[in-house]
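Asker: Handing you a structure now.
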Amino acid sequence: MQKKLYITEKPSVALNFAEVIGIKSSNYDRNKGYLEKDNSIITWCYGHLITMAYPDEYSKEFKQWNLDNLPIIPKNYKYKIIDDSGIKRQFETIKKLMNRDDVKIIYSCTDSGREGEYIFRLVYDQSKCKKEVKRVWISSYTNESILKGINEAKDISEYDFLGKAAYNRAKEDWLFGMNFSRVYSVIFGNNVSSVLKESRGTAISVGRVMTCVLGLVALREDEIRFFKPVKSYGIKSEFESENSKIVYIGKWEPKKEVGEEKSYSKKEVDKIIDTIKGKTGKIINVSKKKTPEKPPLLFNLSELQSVANRIYKIPVNKTLEIAQNLYEKKLISYPRTDSKVLTEDIFEESLKTLKTLYNSKNYNKYLVKIKEKGKLPINKKTKRYVDNKKVTDHYAIIPTYVAANLDKMDSDTRKIYDLIVRRFLAIFFTSAIFFNIKIETKIGEEIFVSHSKELIDTGWKEVFDLGSRKNNSKDSNLNKLLKGENSILLKCELDEKETKAPPRYTEGTLVITMEKAGKFIEDEELREQIKTCGIGTSATRAGIIKKLSEINKYIQIDKKSQIIKPTLKGETIYELIKLTSKKLLNPEFTASWEKGLMKLENNETSEDIFNEKLHNYIKSTIKKLKLCEGNVNLFRLMKNKENMKNEFQKQKTQGVVTE
C-alpha cells in the first residue's frame with residue numbers, strides 16, 4: 001500500500017497532526033521516531049537537524065585562523081548533521097522513511113515561514129530524496145486548520161523562492177560571521193585583550209545582525225554619557241476667573257517666528273513676567289471637543305514582546321518561547337509574524353473564538369458587554385483590522401477557538417495568553433472617548449493655555465488598558481469657564497525645564513527598534529506607516545539579544561528593570577568596528593541585506609545578483625581591514641574615551657556644561 005509521509009518541525013506538533021489523521025501514538029512509537037497506520041506515516045524534526053559546516057571541513061588550512069586564507073567564500077556550501085546522538089538518530093529515521101518504497105508522497109508540515117522552510121529542505125536535500133512534496137501552510141494548529149492545510153497543500157515548488165531566501169540567509173550569515181570574526185580576532189584580538197586585561201588574544205564575534213544591535217546599545221550609552229542638557233524657560237501662571245471665581249493654571253505659549261518657536265533666555269522671560277504682573281487677563285477662546293481613540297492594532301510578535309517586557313518585565317526570548325508553546329497547544333495563531341491585521345476569511349473564522357471566550361469565566365463579562373451592544377463595531381471590510389493586502393505569510397497573533405484553562409498555566413504563560421486575548425477582544429469594543437478642553441487666556445500681549453483631558457467613555461480601554469502613558473488630566477472646573485470672561489492673575493512664576501538624555505533601551509524597546517531598522521517610534525500607528533525591512537526578523541530578534549548578553553557578554557540586561565547597557569568588552573568592540581568598518585553598525589545598511597532576502601523571496605532579484613553584491617562587500621571589507629593591521633591602538637583609544645568621559649562629567653558637576 002502506498003503511503004503519505006508527514007514531517008513536522010517538532011514532536012508536539014506531530015501529535016496534533018496524528019490526532020487529525022487518526023493515528024494513535026504510544027511511547028514505543030514516539031521512541032522509534034515516527035507514528036504509522038495503514039496509509040499514513042508521521043515523523044518529526046527537533047527544530048534544526050542540519051547546519052552549515054565550519055571552514056576547516058572545506059580545507060585543513062582553514063583550521064588555522066590565518067589572514068592569508070581570508071576571505072573564505074565557498075563555491076559549493078557543505079552541510080552536516082548537528083553533532084548530537086538523538087538528532088543524528090532522528091535524521092536517519094526521516095531519511096529512511098523518505099526513501100521507503102511504499103512512501104509515495106511527502107507533506108512538509110514544518111512551521112510556515114522562512115526558517116521552517118529551511119529546516120525541511122535541508123533534511124530533504126541531505127536525504128537525497130526526489131519524491132513529490134506538498135507544502136502544508138497553516139497559521140494555527142486547530143484540527144480544522146490542519147485538515148484544511150493538508151487538503152489545500154500546494155506543490156513545494158510554489159515555495160521555491162522562499163526556499164532560496166532561506167538558504168541565502170544562512171549563507172549570508174555564515175560569510176559575515178566566519179570571515180569578519182576571523183579577521184577581527186587575528187588583527188585586533190591582542191588589542192582588545194590589552195583593554196580587557198586578558199592574558200591571551202580575545203576572540204571577537206562579529207555578525208551581520210548582532211554587531212548592528214550592539215551598535216544601537218553602545219551608541220545610546222554614548223548619547224547618555226555625553227549628553228549636554230539644554231535649559232528652556234517658560235511661565236506658569238495661576239488665574240482666577242472674575243465671575244465664576246474658578247482658579248486654574250495656564251502655561252505661557254511663546255510667539256512663533258516664521259512658523260518656528262523662538263527660544264527665550266531667562267532674562268527675556270523674567271522681563272515678560274514683569275510686564276504682565278498686576279494686569280487682568282481675558283479668556284479669548286474656549287474649545288471643547290470630544291475625541292475618539294480607536295482600539296489598538298492586533299499584536300505582531302515584536303509588539304507582543306515589547307508590551308510583555310514593559311508591563312511584566314518578561315524577557316523577549318521567553319515571550320517568544322511561551323507564544324510558540326501556546327501555538328503548539330492550539331491556543332493561539334502562528335506567533336512569528338510581522339502583521340497586525342487579519343485577512344477577511346480569518347476574521348470570519350475568528351468569530352468562533354468569541355463564542356469560546358463567552359464560555360470562559362475569565363472573559364465572559366467582556367463578551368456580555370460586546371453582545372449587549374448588538375451589532376459588532378467592525379466587520380471583514382474594516383481595513384484598520386482586516387486587510388488582505390497587508391498580510392503576507394501570516395496574519396496577526398490572535399487566540400483560537402480552542403478553550404484554554406488559565407488555572408493550569410504558569411504565571412508568565414497566563415500573562416502572555418491574557419495579553420493576546422485582551423488585545424483581540426479590544427477590537428470588538430467601541431472607541432474610547434475623551435473630552436478635551438482648551439482655554440486661552442490673554443494678558444497684555446501674551447497668551448496662556450490651559451488643558452484638560454477627561455476619559456468620558458472607556459470603550460476598549462475597559463478590556464485592554466495596561467498602563468497608558470497618555471495624559472489623562474481631569475480638571476472639571478475648566479468646563480465652567482466662559483469666553484470673554486476676565487481673569488485675575490494671582491501668581492506668575494518662572495517655569496524652568498531642562499532637556500533629558502534619551503533613556504537606555506530595554507529588551508522591549510530594543511526589539512521594536514530592530515523591527516524598524518533603528519528608528520524607535522513609540523506610537524504603534526506611526527510605526528505601521530514606516531514600511532522598511534528591519535534588523536533581523538520577528539523569528540530571530542530575541543535570539544540575537546540573548547546571544548549578545550549570554551554568549552558573547554557584549555551587553556548586560558538588568559533582570560528587574562530589563563534595562564540594557566554595554567559591557568566594557570561590548571563597548572571596546574563597538575569602538576573598534578566604528579573605527580575600522582562603520583557600515584557594520586549602520587541599521588539601514590544591515591536592514592538592506594534583509595531587504596535583499598525579501599527581494600529573493602518575492603522573485604524581484606536573482607541569486608546571482610544577490611551573491612555578487614554580497615561577495616563584493618565581503619572581499620572589499622576584508623581588504624580594507626587587512627590594511628588596518630598594526631595601525632590601531634585600541635588601548636589608547638579607550639583610554640582617551642575614558643578621559644573624555646571623566647572630563648565631561650567633571651564639567652557637568654561644576655556646571656560648565658549647561659547649554
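The values are calculated or read from the model by the stated rules, or taken from the named source; none is laboratory data. Nothing here was measured: the structure is a model prediction, and the numbers come from that model. Counting neighbours? That spans all protein chains shown, and the Cβs are built from the backbone with ideal geometry, glycine included. Side chains included, ligands, DNA and RNA excluded: accessible areas come from the protein's heavy atoms. Shrake-Rupley method; radii C 1.70, N 1.55, O 1.52, S 1.80 Å.
Asker: As a test question: what accessible area, to the nearest 10 Å², does Arg310 have when a 1.4 Å probe is rolled over all protein chains in place?
Answerer: We get 90 Å² for Arg310.
Asker: Moving to a separate point now. If the reach is capped at under 15 angstrom between alpha carbons, list the aspartates and glutamates near Lys228, excluding any in the same chain fewer than eight residues apart.
Answerer: The reachable aspartates and glutamates, counting only those whose Cα sits under 15 Å from Lys228, are Glu498, Glu647, Glu659.
Asker: Between Lys483 and Glu240, 0.36 nm times their residue separation minus their Cα-Cα distance comes to what? Kindly include the intermediate steps, with their values, before the conclusion.
Answerer: Working: separation 243, 0.36 × 243 = 87.48 nm, distance 1.39 nm.
The Lys483-Glu240 span can extend by a further 86.1 nm.
Asker: Would you work out which of Val195, Cys212, Phe227 lies farthest towards the positive end of the dipole of the range 137-244? Charges go on Cβ: Lys and Arg +1, Asp and Glu -1.
Answerer: Val195
Asker: What trypsin sites (Lys or Arg not before Pro) in the range 564-634 are in a loop by DSSP, with at most 10 other Cβ atoms within 10 Å of the Cβ? Working shown, then result.
Answerer: On the way: sites: Lys569, Lys578, Lys582, Lys583, Lys595, Lys599, Lys613, Lys619, Lys623, Lys624, Lys626; in loops: none.
Nothing satisfies the criteria.
Asker: If you don't mind, there's one more thing I want to ask. Which pairs, out of Lys288/Lys383; Lys547/Lys626; Lys10/Lys330; Lys279/Lys491; Lys197/Lys565; Lys500/Lys546, put more than 18 Å between their alpha-carbon atoms?
Answerer: Details: Lys288/Lys383 30 Å; Lys547/Lys626 27 Å; Lys10/Lys330 14 Å; Lys279/Lys491 11 Å; Lys197/Lys565 20 Å; Lys500/Lys546 29 Å.
Beyond 18 Å: Lys288/Lys383; Lys547/Lys626; Lys197/Lys565; Lys500/Lys546.
Asker: Angle, helix 607-626 long axis vs. longest principal axis of the chain, Cα atoms, 0 to 90°, nearest 10?
Answerer: The helix 607-626 is inclined about 70 degrees to the chain.
Asker: Which value, in debye to the nearest 20, describes the size of the charge dipole of the chain about its Cα centre when Lys and Arg Cβ atoms bear +1, Asp and Glu Cβ atoms bear -1, and nothing else is charged? Walk me through the numbers before you get to the answer.
Answerer: Values: 121 positive and 91 negative charges, 100 e Å.
Roughly 480 debye for the chain.
Asker: Taking amide H atoms as placed 1.01 Å from N in the peptide plane, list the residues 5 or more away in sequence, or in a different chain, whose amide H sits under 5 Å from that of Ile235.
Answerer: Trp252, Asp495
Asker: Specify whether the C-alpha gyration tensor of the range 59-108 places it in the rounded, prolate or oblate class, a ≥ b ≥ c being the square roots of the eigenvalues: rounded for a/c under 1.5, otherwise prolate if a/b is larger than b/c and oblate if not.
Answerer: Details: a/c = 4.65, a/b = 2.47, b/c = 1.88.
Note, shape of the range 59-108 comes out prolate.
Asker: Further question on the same structure: What number in nm² do you get for the chain if you take the convex hull of its Cα atoms and divide its surface by four?
Answerer: With the hull built on Cα positions only, its mean projection is 36.6 nm².
Asker: In degrees between 0 and 90, to the nearest 10, how far off the longest principal axis of the chain does helix 210-225 point, with axes built from Cα atoms?
Answerer: 20 degrees
Asker: With both partners inside the range 1-50, how many of the DSSP beta bridges are antiparallel, as a percent to the nearest 5? Before the final figure, lay out each step's value.
Answerer: Working: 3 of 8 bridges.
In the range 1-50, approximately 40 percent of DSSP beta bridges are antiparallel ones.
Asker: Can you give the FRET efficiency to the nearest 0.05 for Lys553 and Ser411, using r as the Cβ-Cβ distance and R₀ = 25 Å? Could the numbers behind the result be given before it?
Answerer: Values: r = 29 Å, r/R0 = 1.16.
Given R0 = 25 Å and the Cβ-Cβ separation, E is 0.30.
Asker: Can you tell me the Rg and the Dmax, both Å, for the Cα atoms in the range 1-110?
Answerer: Cα-based Rg and Dmax for the range 1-110 come out at 18.4, 59 Å.
Asker: At 1.4 Å probe radius, can you tell me the per residue accessible area of the chain in Å²? Mind showing how you got there, number by number?
Answerer: Working: 32440 Å² over 659 residues.
Per-residue accessible area for the chain comes out at 49 Å².
Asker: If I compute solvent accessible area with a 1.4 Å probe over the protein chains, what percent of it on the chain is carbon and sulfur? Before the final figure, lay out each step's value.
Answerer: Values: 15550 of 32440 Å².
Within the chain, the accessible surface is 48 percent carbon and sulfur.
Asker: Based on the Cα atoms of the range 285-339, what semi-axes does the equivalent ellipsoid have, where each is the square root of 5 times one gyration tensor eigenvalue, given in whole Å with the largest first? Walk me through the numbers before you get to the answer.
Answerer: Values: eigenvalues 220, 39, 14 Å².
Three semi-axes, in Å: 33, 14, 8.
Asker: Checking the a/c ratio against 1.5 first, then a/b against b/c, what shape does the Cα gyration tensor give for the range 335-448? If you can, show how the numbers build up before the last one.
Answerer: Details: a/c = 2.11, a/b = 1.77, b/c = 1.20.
Because a/c hits 1.5 or more and a/b exceeds b/c, the range 335-448 counts as prolate.
Asker: Count the net charge of all other residues whose Cβ sits under 9 Å from the Cβ of Lys164, scoring Lys and Arg as +1 and Asp and Glu as -1. Write down the numbers at each step before the final one.
Answerer: Numbers: positive: none; negative: Asp160, Glu601, Glu607.
Around Lys164, the charge tally is -3.
Asker: Moving on to the next point. How long are the semi-axes of the ellipsoid equivalent to the range 99-184, from square roots of 5 times the Cα gyration tensor eigenvalues, in whole Å, largest first? List each step's numbers first, then the result.
Answerer: Working: eigenvalues 176, 56, 19 Å².
Working through the eigenvalues yields semi-axes of 30, 17, 10 Å.
Asker: Using the Karplus equation 6.51 cos²θ - 1.76 cosθ + 1.60 (θ = phi - 60°), what ³J(HN,Hα) coupling, rounded to whole Hz, does each residue of the range 286-292 give in order, writing x for Gly and Pro?
Answerer: 3J(HN,Hα) across the range 286-292, in whole Hz: 10, 10, 10, 8, 8, 10, x.
Asker: Would you kindly compute the Cα radius of gyration of the range 309-397 and its largest Cα-Cα separation (Dmax), both in Å?
Answerer: Taking only Cα atoms of the range 309-397, I get Rg and Dmax of 14.9, 40 Å.
Asker: At what distance in angstrom do the alpha carbon centres of the range 317-375 and the range 190-213 lie from each other?
Answerer: So the two Cα centres are separated by 45 Å.
Asker: A follow-up question, please. Share of antiparallel DSSP beta bridges in the range 1-151, in percent to the nearest 5?
Answerer: Numbers: 6 of 21 bridges.
If we restrict to bridges inside the range 1-151, about 30 percent are antiparallel.
Asker: Please turn the phi angles of the range 88-97 into ³J(HN,Hα) values with the Karplus equation 6.51 cos²θ - 1.76 cosθ + 1.60 (θ = phi - 60°), one per residue in order, whole Hz, x for glycine and proline.
Answerer: Here the 3J(HN,Hα) series is 4, 5, 5, 4, 5, 4, 5, 4, 5, 5 Hz.
Asker: Could you tell me the convex hull volume per residue, in Å³, taken over the Cα atoms of the range 177-309? Walk me through the numbers on the way to the answer.
Answerer: Numbers: hull volume 40.4 nm³, N = 133.
Taking the convex hull of the Cα positions in the range 177-309, it is 304 Å³ per residue.
Asker: Between Lys3 and residues 5 or more places away or on another chain, which pairs have amide H atoms under 5 Å apart, with H built 1.01 Å from N, and which residues are they?
Answerer: Amide H neighbours of Lys3: Val103, Lys104, Ile105.
Asker: Continuing with the same structure: Any chance you could check the Cα centroid distance between the range 1-59 and the range 70-89 for me, in angstrom?
Answerer: 21 Å
Asker: Taking Cα atoms, how many degrees apart are the long axis of helix 160-196 and the longest axis of the chain, rounded to 10 and kept between 0 and 90?
Answerer: Compared with the principal axis, the helix lies near 70 degrees.
Asker: For the chain, give the share of DSSP beta bridges that are antiparallel, in percent and rounded to the nearest 5; count only bridges with both residues there.
Answerer: In the chain, DSSP labels about 80 percent of beta bridges as antiparallel.
Asker: If you take the alpha carbon radius of gyration of the range 57-142 and divide it by 2.2 N^0.38 Å, what ratio comes out, to two decimals?
Answerer: Working: Rg = 17.2 Å, N = 86, 2.2 N^0.38 = 12.0 Å.
Dividing the Cα Rg of the range 57-142 by 2.2 N^0.38 Å gives 1.44.
Asker: Taking the inverse of the average 1/r across all pairs of different Cα atoms in the range 531-580, what Kirkwood radius in Å do you get?
Answerer: On the way: mean 1/r = 0.0820 Å⁻¹.
After inverting the mean inverse Cα-Cα distance, the result is 12.2 Å.
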